[in-house]
Amino acid sequence: MNVQYTIVIADDHPLFRSALFQSIHMAISSANLLEADSQNSLFSLLEKIGDIDLLLLDLKMPGSSGMSGLIQLRQQYPELAIVVISASEENEVVQQVYNHGAFGFIPKSSDMQTLLNALKQILNGEPYFPTTINNNNFHQQQLTTKIAALTPQQYKVLTMLTEGLLNKQIASILNISEATIKAHLTAIFRKLEVKNRTQAVILLQQFDIN
């Protein structure tokens, strides 16, 4: 991987930061790696360095407790890709990390190859979460979060898609223009992270089944 990435490692344990630093350089030799050992030093760093590709965040650092650091970061830097690396590996913790907008979760107990594979997947734009969590519940939580992001009108349009109605028919039933329907569909596809009507219908059917 020869692309230049700027990655921040935020962890208050020097030995773990050092080990992670070396591991990342093994996977991405050209990476620009920065370090922070507390919540305050992390925010100072983020203010100085505007363009960061990835933040590797420990949940337990001076200045933060539990999910508070992640929540604060999500609010102030909504576009920043945050991946939690934590020794707290319970399913509930992983799901909370996802619910609060992290792009991934890597257990600190992961072996070197798992860590490197996870980092490569994340830098390729794909979220990474452990396969050991309850996949059914986790998938259901993902669906719930996406569906909940829809407005009532968008949800109506989505349900009508499942009935096989065309844009013109939906517009007639809701008494709005076809252009508005198309705008709703664009927003629906974006929020559900799908590319077309078929994928949106399948996702809603999965939501109803679970």
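The values are calculated or read from the model by the stated rules, or taken from the named source; none is laboratory data. Everything numeric in this text was worked out from a predicted model, so none of it was measured. We place every Cβ from the backbone using ideal geometry, glycine too, and count neighbours over all the protein chains shown. These accessible areas exclude ligands, DNA and RNA; they are computed on the full protein's heavy atoms, side chains included. Shrake-Rupley method; radii C 1.70, N 1.55, O 1.52, S 1.80 Å.
Here are a few things to note about the model shown:
- Any chance Gly50 is under 20 Å from Ala87 (Cβ atoms), surrounded by fewer than 19 Cβ atoms within 10 Å (Cβ to Cβ) and without any contact (Cβ under 8 Å) to a residue 12 or more places away in the chain: no
- Residue match in the stretch 8-17 (condition: without any contact (Cβ under 8 Å) to a residue 12 or more places away in the chain, surrounded by fewer than 13 Cβ atoms within 10 Å (Cβ to Cβ) and closer than 24 Å to Thr145 by Cα): no
- Exactly one residue out of Lys60, Lys156, Lys120 is open to solvent by 60 Å² or more (accessible area, probe 1.4 Å), modelled with pLDDT of 85 or more and of a type outside the set (Ser, Thr, Tyr), and it is Lys156.
- So Leu55, is it buried (at least 16 other Cβ atoms within 10 Å of the Cβ), free of Cβ contacts under 8 Å to residues at least 40 places away in the same chain and closer than 25 Å to Asn117 by Cβ: no
- Members of the stretch 167-209 that are open to solvent by 40 Å² or more (accessible area, probe 1.4 Å), within 19 Å of Thr145 (Cβ to Cβ) and aliphatic (A, V, I, L, M): Ile202, Ile209
- Number of the exception - Thr132 against (1) assigned to a helix (DSSP H, G or I); (2) modelled with pLDDT under 80; (3) open to solvent by 80 Å² or more (accessible area, probe 1.4 Å): (1)
- Test result for Met67, surrounded by 19 or more Cβ atoms within 10 Å (Cβ to Cβ) and closer than 22 Å to Ala118 by Cβ: no
- The set of residues in the stretch 95-109 being open to solvent by less than 50 Å² (accessible area, probe 1.4 Å) and either touching a Cys at 6+ places or on another chain (Cβ under 9 Å) or modelled with pLDDT of 85 or more (or both) consists of Val97, Ala102, Gly104, Phe105, Ile106, Pro107.
- Within the stretch 73-102, the residues that satisfy the criterion of being closer than 20 Å to Gly50 by Cβ and in contact (Cβ under 8 Å) with a residue 40 or more places away in the chain are Ala81, Val83.
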